[in-house]
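Novice: Take this structure, written in structure tokens, and hold onto it; I'll ask about it next.
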Amino acid sequence: MSLTQIEIQLIATVVAVACALPGVFLVLRSMAMMSDAISHTVLLGIVIGFFIVEDINSPLLIAGAAVMGLITVSLVELLNRTRLVQEDAAIGLVFPALFSLAVILISRFAGDVHLDSDAVLLGELAFAPFDRLVIAGSDVGPVALYTMTGVLLLNLTFILIFYKELKLATFDAALAAALGFSPGLIHYGLMGLVSITAVGAFDTVGSILVVALMIAPPVSAYLLTDRLTTMLGLSAVFAAIGAITGYWVAHWLDANIAGSMAMMLGLIFGVVFLFAPERGMVALAQRRARQKWEFAQAALTIHLLNHEGTPAAAQENRVEHLSHHLRWQPPFAAEVVQRAQRHGLVERHNGYLALTDDGRQLARETLMLAT
Amino acid sequence: MELWSLLQDLLFDYTLRTVALGAAVLGIVSGSLGSFAVLRRQSLLGDAMSHAALPGIVIAFILTRSKFSLVLLLGALVAGWLATLLMTAIVRYTRVKQDSALGLVLSIFFGFGLVLLTYVQRIPDANQAGLNSYLFGQAAALLQRDVLAMAVLGSAALVLMGLFWKEFKLLSFDPVFGASLGFPMRLVDTLLTTTLVIAIVVGLQAVGVVLMSAMVVAPAAAARQWTDRLSIMVLLAALFGALAGVIGALISSSGSGLATGPTIVLVVSAIVTISIFLAPNRGLLWRWIVRRRNRRRLRVEAVLADLYTLATQHENRYHAHDAVVIRTMRAGQGGVAHTLDILQERGLVRKEDESRWALTPDGFREAQRITADMQE
């Protein structure tokens, strides 16, 4: 591994983790698409900032972009509050308009500046290490690494300081308001954080893949845990894994690194989606199958209990009769009886079924639950 | 004169005519089908589908090595459709919500597409220009055969919409009722989604992945302000979409640095803004006027009712009272003098002297009526 390769992986990891942390709250607050909107409109902030200070490297551009992120959020809310359009439509109206404005401003007035919409949308992580930070004549590393570490620290600090407030405002906004924490302030604080992260990140990974970095790790973590701290930790881990494996896949295919990171994050989500304990597809299918048999066994015991000790018992409690009475296919009925026998719920006496004590208890409990 | 020459260009200039025609087709198709997406609160589905189409386009290119629009658009169609299925599955089977599922599928499909795209560009004979245009849209580079492909696909979507109009309408407004009537609503849902994917795919080449979502949402959102009828809304949205397409194409042809896609989006955004402010009944301006009128009516009625209360407490019902008394009864709310002037103009009150006012017989009857209404 060359130094450049290590640097790229470092930058990729830092960017990914920095994006994943605020992303957790976006996912939990059902505002995931706001990241899409903000990551596009920050471009307008940068363009306007550039027209004011006329220096493409000025840190003021980042401030301008962050402000534009907040303006985007409030425009969406304003439009939503007129109740003339739904919230999703409001997002879909605001950000393409602002983004179009930015693209036109760039191509019309800033054609000769290093600001092309190509790089903005796609980003090129591979070039990030070539932009070096030089302090007092000595090269201390790529600029992107420092800016993104700064953003990561900012996100960490914000989340650590306002952890309680964020948690409360996310899960119970009404209680947060009643206790005197302003959910509005926390909301805008979070949106400001998302904007700053998006500005920092889109330079390296492009605005559309910022969305992948912000949403994919938290969504994967969301399927694995119910604890906020665990979700934050898992998201960071997934982000880092996605970044490093993404880099190597891109290296192997000679393709866009950011895209490949998104692809790997998608792969991680796919694995979690299928195999997560409790919430994954496989676990879900297993649970459904188990519940089907459990339900059938309960139905069998109730049926037997109903007829127990009555004159009809001899007729009703034959195995062959089940398919008629419970409308079960004979093979299915046989399977249910077999399972019930194995669990000690029923006993078979030359063709007739009799409940055991356990079976009788199950039937009564199920009936109690049903009433 | 300027306008005349523009119109002449529109008719006779090959490039401009093609671009405007393409933009119009795109506007009509995405406007009318976008109406359903907006009504079903799936506005951002368009955004997700357009991004998700990218890998489909590239894979179609890798498989066929063809740059013929229809083939690439079919690839986009399949990918967009798969993405929607995946989103539906995620929302249905896990606790992940709609917005996260959209963001997730959108960005991951796009990332995958980007990997494929950068990979393909390293294949020597791949001309990247054709593929890149799907990212940002190159309406100016549209050829007649591209417009033809757009028209073919778009008409297919519109014909589907016409055939299943009733079903789509049921799905948008009351899917449960539709299911109770025996319509296979899930199938209808899939069908409507398919037509929306077609609409998006039609526009991709002209305005690009990023701005396509605006063409789905904006014309429909604008049309929604003017009407409560679905059929009129769809027609209006198609009209707005086409108008934005043609005007956008004309504006962008008149100046340098005005890329067609963003210009069209800005025009359609302007149409939305105008609609939100000016549309009758729903528009902001209209609502402001109604609210002002109501407020004034309430103020006038309240002052009249106060005068009536005073009148019933006196032997002579036409006895004049000082404006100060009324102002006190209004609990300090302003505008009493102005309101009295308005009432005098209508002949409901009469000015006795400098500061004292009395009801007229007409005013007494009107006040009686209002008080009776209030007590009801």
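The values are calculated or read from the model by the stated rules, or taken from the named source; none is laboratory data. Please read all numbers here as calculations on a predicted model, not as lab measurements. Neighbour counts run over all protein chains shown; Cβ positions are idealised from the backbone, glycine included. SASA here: full protein model, heavy atoms, side chains in, ligands and nucleic acids out. Shrake-Rupley method; radii C 1.70, N 1.55, O 1.52, S 1.80 Å.
Novice: So is B:LEU74 more than 10 Å from chain A (Cβ to nearest Cβ) and either open to solvent by less than 10 Å² (accessible area, probe 1.4 Å) or part of a helix (DSSP H, G or I) (or both) or not? Quick ask: steps written out before the conclusion?
Specialist: Numbers: more than 10 Å from chain A (Cβ to nearest Cβ): yes; either open to solvent by less than 10 Å² (accessible area, probe 1.4 Å) or part of a helix (DSSP H, G or I) (or both): yes.
Taking the combined requirement at face value, the residue satisfies it.
Novice: Report, by residue number, each residue of segment B:232-280 that is part of a loop (DSSP other than H, G, I, E, B) and within 11 Å of chain A (Cβ to nearest Cβ). First the steps, then the outcome.
Specialist: At the first step, the residues of segment B:232-280 found to be part of a loop (DSSP other than H, G, I, E, B) are B:255-259, B:279-280.
Within segment B:232-280, B:GLY255, B:SER256, B:GLY257, B:LEU258, B:ALA259, B:ALA279 meet the criteria.
Novice: Next question, about the same structure. Out of all the residues in segment B:28-41, is one or more at pLDDT below 90 and surrounded by fewer than 24 Cβ atoms within 10 Å (Cβ to Cβ)? Show your work before the answer.
Specialist: Let us first name the residues in segment B:28-41 that are at pLDDT below 90, namely B:41.
If we keep only those that are surrounded by fewer than 24 Cβ atoms within 10 Å (Cβ to Cβ) too, we end up with B:41.
Yes, that holds for at least one residue.
Novice: If you check A:ILE52, A:ILE6, which single one turns out to be without any contact (Cβ under 8 Å) to a residue 24 or more places away in the chain, assigned to a helix (DSSP H, G or I) and over 29 Å from B:VAL267 (Cα atoms)?
Specialist: Numbers: A:ILE52 fails: over 29 Å from B:VAL267 (Cα atoms).
Checking each option against the conditions leaves just A:ILE6.
Novice: Same structure, new question: Give just the number: which of (1) without any contact (Cβ under 8 Å) to a residue 12 or more places away in the chain; (2) more than 9 Å from chain A (Cβ to nearest Cβ) does B:ALA89 not satisfy?
Specialist: Going through (1) without any contact (Cβ under 8 Å) to a residue 12 or more places away in the chain; (2) more than 9 Å from chain A (Cβ to nearest Cβ) one by one, B:ALA89 breaks only (2).
Novice: Out of B:ALA311, B:ALA302, which single residue is farther than 30 Å from A:ALA90 by Cα, within 44 Å of the chain's Cα centre (by Cα), buried (at least 17 other Cβ atoms within 10 Å of the Cβ) and not assigned by TED's automatic domain parsing to the domain that holds B:THR227? Lay out the reasoning, then the answer.
Specialist: Working: B:ALA311 fails: within 44 Å of the chain's Cα centre (by Cα).
Criteria check complete, one pass: B:ALA302.
Novice: A further question on this structure: Consider B:ILE62 carefully, then state whether it is in the same structural domain as B:VAL197 (by TED's automatic domain parsing), under 29 Å from the mean Cα position of the chain (by Cα), in a helix (DSSP H, G or I) and at pLDDT below 90.
Specialist: Values: in the same structural domain as B:VAL197 (by TED's automatic domain parsing): yes; under 29 Å from the mean Cα position of the chain (by Cα): no; in a helix (DSSP H, G or I): yes; at pLDDT below 90: yes.
Taking the combined requirement at face value, the residue does not satisfy it.
Novice: Take the residues in segment A:1-29 that are small (Gly, Ala, Ser) and modelled with pLDDT of 90 or more; name whichever of them is farthest from A:ILE91 (Cα to Cα). Outline the logic, then answer.
Specialist: Of segment A:1-29, the ones small (Gly, Ala, Ser) are A:2, A:12, A:16, A:18, A:20, A:23.
If we keep only those that are modelled with pLDDT of 90 or more as well, we get A:12, A:16, A:18, A:20, A:23.
Details: A:ALA12: 28, A:ALA16: 24, A:ALA18: 24, A:ALA20: 21, A:GLY23: 18 Å.
So the residue we want is A:ALA12.
Novice: Still on this model: Just for segment A:154-176: of the residues that are of a type in the set (Gly, Ala, Ser) and either farther than 15 Å from A:HIS187 by Cβ or touching a helix residue (DSSP H, G or I) at 6+ places or on another chain (Cβ under 6 Å) (or both), which one is surrounded by the fewest Cβ atoms within 10 Å (Cβ to Cβ)? Please lay out each step first, then the result.
Specialist: Taking segment A:154-176 and keeping what is of a type in the set (Gly, Ala, Ser), we get A:169, A:173-174, A:176.
Add one more test, that the residue is either farther than 15 Å from A:HIS187 by Cβ or touching a helix residue (DSSP H, G or I) at 6+ places or on another chain (Cβ under 6 Å) (or both), and what stays is A:169, A:173, A:176.
Working: A:ALA169: 25, A:ALA173: 16, A:ALA176: 20.
Residue satisfying both the conditions and the ranking: A:ALA173.
Novice: Residue under question is A:VAL85, and the condition is that it be part of a loop (DSSP other than H, G, I, E, B), modelled with pLDDT under 90, within 14 Å of another protein chain (Cβ to nearest Cβ) and open to solvent by less than 30 Å² (accessible area, probe 1.4 Å); does it hold? First the steps, then the outcome.
Specialist: Values: part of a loop (DSSP other than H, G, I, E, B): yes; modelled with pLDDT under 90: yes; within 14 Å of another protein chain (Cβ to nearest Cβ): yes; open to solvent by less than 30 Å² (accessible area, probe 1.4 Å): yes.
Yes; evaluated as a whole, the condition is true for this residue.
Novice: Pick from A:PRO218, A:PRO183: which is touching a helix residue (DSSP H, G or I) at 6+ places or on another chain (Cβ under 7 Å) and within 14 Å of chain B (Cβ to nearest Cβ)?
Specialist: Details: A:PRO183 fails: within 14 Å of chain B (Cβ to nearest Cβ).
Exactly one of A:PRO218, A:PRO183 is touching a helix residue (DSSP H, G or I) at 6+ places or on another chain (Cβ under 7 Å) and within 14 Å of chain B (Cβ to nearest Cβ), namely A:PRO218.
Novice: If the requirement is being of a type outside the set (Val, Ile, Thr) and buried (at least 17 other Cβ atoms within 10 Å of the Cβ), which of these qualifies: B:LEU187, B:LEU163, B:LEU171? I'd like the intermediate steps shown before the answer.
Specialist: Working: B:LEU187 fails: buried (at least 17 other Cβ atoms within 10 Å of the Cβ); B:LEU163 fails: buried (at least 17 other Cβ atoms within 10 Å of the Cβ).
Among B:LEU187, B:LEU163, B:LEU171, only B:LEU171 is of a type outside the set (Val, Ile, Thr) and buried (at least 17 other Cβ atoms within 10 Å of the Cβ).
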